[in-house]
């Protein structure tokens, strides 16, 4: 990436949109530029677009020529059109590229680039985080679902040995069912015996586990074992030398780290198994890096 300039970045999630300006020379987010707006689950098209464009305008000024946008799938990343139906329904079918071009007056064909949020996460960690210096890295995000991405020397890999179609591990079967039935927020809550819409969430279960509650500790033990067992054949076939874990559940890494490591220890060449060092900023950093690399 060319040094000496700033690239804007947005991270559109299921509950909020965040943004910032990334200094390319230092591979870091300009802290004063951080912006955040909630995206209510019941919000319609107008309200959602207002929040997203507000954050975009907040980080923009006349020197901003490029914008990277991290967004979950399903999404037409080439066209910039949302295909999401399971959340943020108001964005379905919306041409976000056109909306952002109009809001920021960025008219160049190479000005705005969209990227899957898990891929943005991995690129951010490879560029400025835990995966820096590694050749073949895999990133997974543990949260509402299971996000995944594969890279070789900073280039995204979406097919080939050890890589599922489009790099999407969430579509893979594990223990006779979709993997997200075992590895996800809802799976962890179900294992603990808490409904997904209840008052207790992953954070509270983690607190109970740290306080010594056996039932809470057990669900994180089982999660770590499952993550390690599920990823083993993929990491081995891909020849990964680094695995970096992010997402909201990664904040409880201390509770399942040892079990993941124990399962993955036999994999030759896997030098690093770690939680993200840019847990909050990695998607923004990765989106900016990706946008800056496009020609």
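The values are calculated or read from the model by the stated rules, or taken from the named source; none is laboratory data. Values in this document were obtained by computation on a predicted structure and should not be read as measured data. Glycine also receives a Cβ, built like all others from the backbone with ideal geometry; neighbour counts cover every protein chain displayed.
Structure data summary
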quantity: So residue 218, is it closer than 28 Å to residue 191 by Cβ and either at pLDDT 95 or above or buried (at least 20 other Cβ atoms within 10 Å of the Cβ) (or both); calculated: yes
quantity: Selected residue (only one of 102, 25 is surrounded by fewer than 19 Cβ atoms within 10 Å (Cβ to Cβ) and under 27 Å from residue 149 (Cα atoms)); calculated: 25
quantity: Residues (surrounded by 14 or more Cβ atoms within 10 Å (Cβ to Cβ) and free of Cβ contacts under 8 Å to residues at least 12 places away in the same chain) located in segment 261-279; calculated: none
quantity: Selection within segment 128-150 - over 18 Å from residue 252 (Cα atoms) and crowded, with 24+ Cβ neighbours inside 10 Å; calculated: 129, 131, 137, 138, 148, 149, 150
quantity: Residue 249 vs. criteria in contact with a helix residue (DSSP H, G or I) (Cβ under 8 Å, 6 or more places away or on another chain), surrounded by 24 or more Cβ atoms within 10 Å (Cβ to Cβ), under 16 Å from residue 140 (Cα atoms) and at pLDDT 95 or above; calculated: yes
quantity: Residue, modelled with the highest pLDDT, within segment 99-108, restricted to residues that are under 21 Å from residue 76 (Cβ atoms) and assigned to a loop (DSSP other than H, G, I, E, B); calculated: 106
quantity: Flag if residue 240 is free of Cβ contacts under 8 Å to residues at least 60 places away in the same chain, in contact with a helix residue (DSSP H, G or I) (Cβ under 9 Å, 6 or more places away or on another chain), surrounded by 15 or more Cβ atoms within 10 Å (Cβ to Cβ) and over 25 Å from residue 75 (Cα atoms); calculated: no
quantity: Hits in segment 84-99 (condition: under 21 Å from the mean Cα position of the chain (by Cα) and either surrounded by fewer than 17 Cβ atoms within 10 Å (Cβ to Cβ) or farther than 18 Å from residue 70 by Cβ (or both)); calculated: 85, 86, 87, 89, 92
